[in-house]
Amino acid sequence: MKLAVIGTGYVGLVSGAGFSDFGHHVTCVDIDAERVATLLRNDIPIHEPGLAELVRRNASVGRLHFTISTAEAMRGAQLAILAVGTPSRPDGSADLSYVFEAARQVGRAIEGFTVIVTKSTVPVGTADKIREVIAGVTKQPFAVASNPEFLKEGDAVNDFLKPARVILGAEDPRAIDLLRELYRGVMRTGDRIQVMDIRSAELTKYAANAMLATRISFMNELARLAEVVGADIEAVRKGIGSDPRIGPKFLFAGAGFGGSCFPKDLRALLHTGREVDVELDVVNAVERANERQKRVLGERVIAHFGGSLAGKHVAIWGLAFKPETDDIRESPALVLIEQLLASGAKVSGYDPAAMPNVRAQLGISIELAGDPYTATTGADALVLVTEWHELREPDLDRLKAQMRTRVLVDGRNVWSQADARKAGFTYYGIGRPSHSQ
Ligand code: NAD
């Protein structure tokens, strides 16, 4: 099958490469000419484990192509997959201008019956608007469908190649057949395709993200309580996670969730609720709890030093919003950096993949170090924000030698409190009393 994927960001590039790996002929298009030039040179513009190999393998056998021209990508395509961004507008609603513009470009290039599939996360009812946009620019036959994407950055290739389920919102039988054919390659071990109406598919994506975010905010809230009442959130986590009704995933207390999806999708869901006069109290609370949680690490450091960080140097390990990605969109590290700088601190940071993005966004307001220990030279405190594997077992002797004051703030509860104390550090975790391990 021949298809066009519109947008080569985290979702578009993984999907385009993934579909070509299933044996389809895919042309990926992006308006960012530099990004396309990078891809044409066989380089990968984002950090995503396994993606470079997947792209190169399929490009080298001629199944995966890149272009800046939607018309070229659409030549002979039966399907067009919209995978462009849907960022937040100031009022919290999803900005659909990229989606509609991409739909318009696709519509103008349709030749014969084509299915336009939205993979971008879009509010309920968007497919109807996309249908109108396309009908306004073509007389050719077409159908619209929704195929929300559930991949996780950092493990996106695995998620895409081995999906837990594929949600297809489609009403036209020809669209359903084409979409089933599109995913046939990954359904050999059992059909995990769920076909539903388009509105339910659109809402399923928001429901999934809101549910996952709810678990995190719930644990963060309990962590704040645990600290005050002398309980350990890590013990509580294990205690409830072993209940099969609850399960162990997404129960880690931490520095608040960030990234390109949860925060913006919660805001968009809340906006949808406001538009139709349905109050979403739970979702609202999840968002508020997260905004508060993102400030916890900074408040901890500032409180430790008596309310001001003038003359202090704080080092940060991990700047990406989570491990194994270079994505810093809405990363808790950005909130922390802002708090530290506002309180007068000098800030240095290290991240295995995200430093170019941090440099591009923050300029020279913080120092970036080539390795984790250099970042801690002369530091008064070290804060772990993102639990990359290489940052999980710090060399405490080395830190002792490098740092001016021995304060560790473990924003992910991955360091040993006992070891840190034994080595003479003041240790702070999230939701942990002073005596716990
Ligand atoms: P992104 O910002 O990384 O990539 C979007 C790409 O689309 C950019 O490269 C941009 O230049 C390109 N683009 C914009 N308009 C275009 C046009 N008219 N034609 C061609 N290209 C165009 O975004 P992303 O993180 O890949 O997310 C895309 C969508 O998928 C969003 O709606 C997001 O919510 C959703 N999503 C993201 C993830 C994730 O983990 N990042 C997971 C699931 C769903």
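The values are calculated or read from the model by the stated rules, or taken from the named source; none is laboratory data. Keep in mind that what you see is a predicted model, and the values were worked out from it rather than measured. Note: ideal-geometry Cβ built from the backbone for every residue, glycine included; neighbour counts use all protein chains shown. To get the accessible areas, we keep the full protein, side chains included, count just its heavy atoms, and leave off ligands, DNA and RNA. Shrake-Rupley method; radii C 1.70, N 1.55, O 1.52, S 1.80 Å.
Tell me which residues, restricted to region 244-277, are within 16 Å of the ligand (Cβ to nearest atom), assigned to a loop (DSSP other than H, G, I, E, B) and crowded, with 18+ Cβ neighbours inside 10 Å. Show your work before the answer.
We begin by selecting, within region 244-277, every residue within 16 Å of the ligand (Cβ to nearest atom); these are 250, 257-272.
Cutting the leftovers down to assigned to a loop (DSSP other than H, G, I, E, B) gives us 250, 257-261.
Scanning region 244-277 gives Phe257, Gly258, Gly259, Ser260, Cys261.
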Could you list, in sequence order, all residues of region 185-224 that are aliphatic (A, V, I, L, M), touching a strand residue (DSSP E or B) at 6+ places or on another chain (Cβ under 8 Å) and under 24 Å from Thr86 (Cβ atoms)?
-> Ile193, Val195, Met196, Ile198, Ala201
Considering residues that are farther than 11 Å from Val122 by Cβ and near the ligand (Cβ under 10 Å from one of its atoms), the number found within region 89-107 is 6
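Could you look through region 196-228, keep only residues that are among the acidic types (Asp, Glu) and under 30 Å from Ala127 (Cα atoms), and pick out the one that is least open to solvent (accessible area, probe 1.4 Å)?
This residue is Glu202.
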Scan region 321-345 residue by residue and report those that are farther than 14 Å from Asn357 by Cα and among the small types (Gly, Ala, Ser).
-> Ala342, Ser343, Gly344, Ala345
The one condition in (1) crowded, with 20+ Cβ neighbours inside 10 Å; (2) more than 16 Å from the ligand (Cβ to nearest atom) that Ala231 fails to fulfil = (1)
Please identify the pairs in which a residue from region 118-138 that is over 19 Å from Gly12 (Cα atoms) and open to solvent by less than 50 Å² (accessible area, probe 1.4 Å) has its Cβ atom under 8 Å from the Cβ atom of a residue that is assigned to a loop (DSSP other than H, G, I, E, B) and away from the ligand (no atom under 14 Å from the Cβ), counting only partners at least 6 apart or on another chain.
-> Ile134/Ile110; Thr138/Ile110
Just a yes or no: is a residue in region 328-350 outside any loop (DSSP other than H, G, I, E, B), over 19 Å from the mean Cα position of the chain (by Cα) and farther than 24 Å from Phe257 by Cα?
-> yes
Return the residue satisfying two criteria in turn: it lies in region 278-307 and is more than 29 Å from Ala156 (Cα to Cα) and part of a loop (DSSP other than H, G, I, E, B), and of such residues it is nearest to the ligand (Cβ to nearest atom).
-> Leu280
Restricting region 349-366 to residues that are under 17 Å from Phe321 (Cα atoms) and of a type in the set (S, T, N, Q), the residue that is least open to solvent (accessible area, probe 1.4 Å) | Asn357
Among the residues of region 158-189, write down those that are over 22 Å from Ala208 (Cα atoms), open to solvent by less than 40 Å² (accessible area, probe 1.4 Å) and modelled with pLDDT of 95 or more.
-> Asp172, Ala175, Ile176, Leu178, Leu182
Within region 377-392, residues assigned to a loop (DSSP other than H, G, I, E, B) and more than 16 Å from Leu297 (Cβ to Cβ) come out as Thr377, Gly378, Trp388, Arg392
What do you reckon, is Asp155 open to solvent by 10 Å² or more (accessible area, probe 1.4 Å), within 15 Å of the ligand (Cβ to nearest atom) and without any contact (Cβ under 8 Å) to a residue 40 or more places away in the chain?
-> no
Working only within region 393-414, note down all residues that are more than 16 Å from Ala223 (Cβ to Cβ), open to solvent by less than 50 Å² (accessible area, probe 1.4 Å) and either polar (S, T, N, Q) or assigned to a loop (DSSP other than H, G, I, E, B) (or both).
-> Pro394, Met403, Thr405
Are any residues in region 367-389 open to solvent by 40 Å² or more (accessible area, probe 1.4 Å) and not hydrophobic (A, V, I, L, M, F, W, C), and if so, which ones?
-> Glu367, Gly370, Asp371, Thr374, Thr377, Glu387, His389
Residues of region 415-426 satisfying the condition of being at negative phi and surrounded by fewer than 21 Cβ atoms within 10 Å (Cβ to Cβ) = Ser416, Ala418, Asp419, Arg421, Lys422, Ala423, Thr426
Can you name the condition, by its number, that Ile316 falls short on among (1) open to solvent by less than 40 Å² (accessible area, probe 1.4 Å); (2) out of contact with any strand residue (DSSP E or B) (no Cβ under 9 Å at 6 or more places or on another chain)?
-> (2)
Which residue pairs have Cβ atoms under 6 Å apart, sit 6 or more places apart or on different chains, and have a first residue in region 285-300 that is in contact (Cβ under 8 Å) with a residue 60 or more places away in the chain and a second that is of a type in the set (Ser, Thr, Tyr) and part of a helix (DSSP H, G or I)?
-> Val286/Thr214; Val286/Ser217; Ala289/Ser217; Asn290/Ser217
